[in-house]
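Report on the structure given below.
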Amino acid sequence: MISTEELLAAVKGTVLLGEPMKDHTTLRIGGSADFFIDPLDREDFCRAYSFFRKHGLPCTVIGRGSNILVHDEGIRGAVIVTTRALGEFSLSRGLLTVGAGFPLPAAAEKTFAHSLGGLEMLQGIPGTIGGALVMNAGAYGQEIGSVVSWVEVFGNGKPKTLCREDLFFGYRQSSLAGSVILRASMRLERLPAAETGKRSVLRDEAFAKRRLSQPFDRPNAGSVFRNPSRQDDPEGLGAGRMIEACGLKGLRYGGAVISNKHANFIVNEGDAKASDVLELIATARERVKEKFGVLLELEVRLLGCENVCC
Ligand SMILES: Cc1cc2nc3c(=O)[nH]c(=O)nc-3n(C[C@H](O)[C@H](O)[C@H](O)COP(=O)(O)OP(=O)(O)OC[C@H]3O[C@@H](n4cnc5c(N)ncnc54)[C@H](O)[C@@H]3O)c2cc1C
């Protein structure tokens, strides 16, 4: 047990008890975190994390909450958010050094404005650098992992730098899952004017395509399932078109609906619970397995759902 006085003395930033996680996820779903911490700065972040670990309590680090589904029963222990504390951004000679809490869309926009290529296609991904590194976020042929030089993590009470050779980045996964990311450095490509112009057109087209094909008007967490491998999906349908082919677009459980715009998105129509989303996930997996013989894997991360089998 920890005393509130002790906690308030240890952490300078915001400390909330029993904070509803639905206010911190783009799906706008999730029960309460026992402790929700929004540290003031990097030092405060490390102190808060160490404080909970010292007291043997689980600590979950989140960014923008754009790739998570939080259980209706909430999250035990502490949730620590990076967006205020880890917001550093510096750019020097093509080398970007950026805090884990810095928004990916802003990093993509700012670097491309300096004619630096490598992140520009990721501008539409609404997370932080930390979340993007854990997920190896990617879109339209670019992935964040391919430009990483080093990542600084917090472990055993002190920061540690992992260089590129220490890291693994695969399709929507990385070896950084389970670590605590403080900041990262990325080597970007200096682009000649003609190339910047060309990429700018491609980026704008991708952005427009995204707006047309994704349900931006409803809370969601992006793609729910990873696309199956080419071996499992030789026609290249992707998870979305497989789910659509099962006739599941528009399927509803409680307040959660498989989007009519894109079947790999589940949207919250207002009062959805995590259990509604989990029902849709189970149905989609079952039906796709029946029709295509493929077991869809989750891209969305389940938090506080330790006892839920997905
Ligand atoms: C409309 C929409 C469109 C999307 N489009 C795409 C897309 O095109 N491509 C794509 O790849 N993704 C997409 N996503 C998914 C999501 O935006 C990305 O996965 C994003 O990188 C997650 O970042 P986040 O800060 O929101 O992470 P969160 O959702 O907060 O966290 C995701 C995971 O990372 C962990 N984590 C976060 N920060 C840290 C840290 N500092 N240290 C350690 N662990 C951490 C969390 O514990 C969690 O396990 C989309 C989402 C939405 C809502």
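Below is a table of values for the structure above.
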| item | result |
| --- | --- |
| Placed amide H near residue 61: partners under 5 Å, 5+ positions off or other chain | 80 |
| Residue 207-residue 6 FRET efficiency (beta carbon distance; Förster radius 41 Å; 0.05 resolution) | 0.30 |
| Linear extension gain, residue 54 paired with residue 110, 0.36 nm per residue minus alpha-carbon span | 16.3 nm |
| Total formal charge among the other residues, if their Cβ is under 14 angstrom from that of residue 172, Lys/Arg +1 and Asp/Glu -1 | -1 |
| The chain: most fluctuating residue of 185, 92, 259 per GNM, C-alpha cutoff 10 Å | 92 |
| When each of 249/289; 198/249; 12/160; 22/291 is checked by Cα-Cα distance, pairs over 28 Å | 198/249; 22/291 |
| Relative contact order (%) - the chain, alpha-carbon pairs under 8 angstrom, separation at least six | 16 |
| Calculated P(r) tail over 35 Å for the chain, as whole % of Cα pairs | 22 |
| Among 154, 89, 168, residue whose mean-square fluctuation peaks in a GNM of the chain (springs only between Cα atoms under 10 Å) | 168 |
| Residue 23 versus residue 89: modelled label distance in nm, points set 7 Å from Cα along the beta carbon direction | 2.6 |
| Per-residue ³J(HN,Hα) for the stretch 286-293, Karplus 6.51 cos²θ - 1.76 cosθ + 1.60, θ = phi - 60°, Hz, x for Gly and Pro | 4, 5, 5, 4, 4, 7, 10, x |
| Mean projected area (nm²) of the alpha-carbon convex hull when the stretch 243-303 is viewed from all directions | 4.0 |
| Length added when fully stretched, residue 146-residue 166, from 0.36 nm per residue minus Cα-Cα | 5.8 nm |
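A short reminder: the numbers here are calculations on the coordinates, not readings from a lab. Here the structure is a predicted model, which is why all the values come from computation and not from measurement. Because the Cβ atoms are built from the backbone with ideal geometry, glycine has one as well, and the counts that use them run over all protein chains shown.
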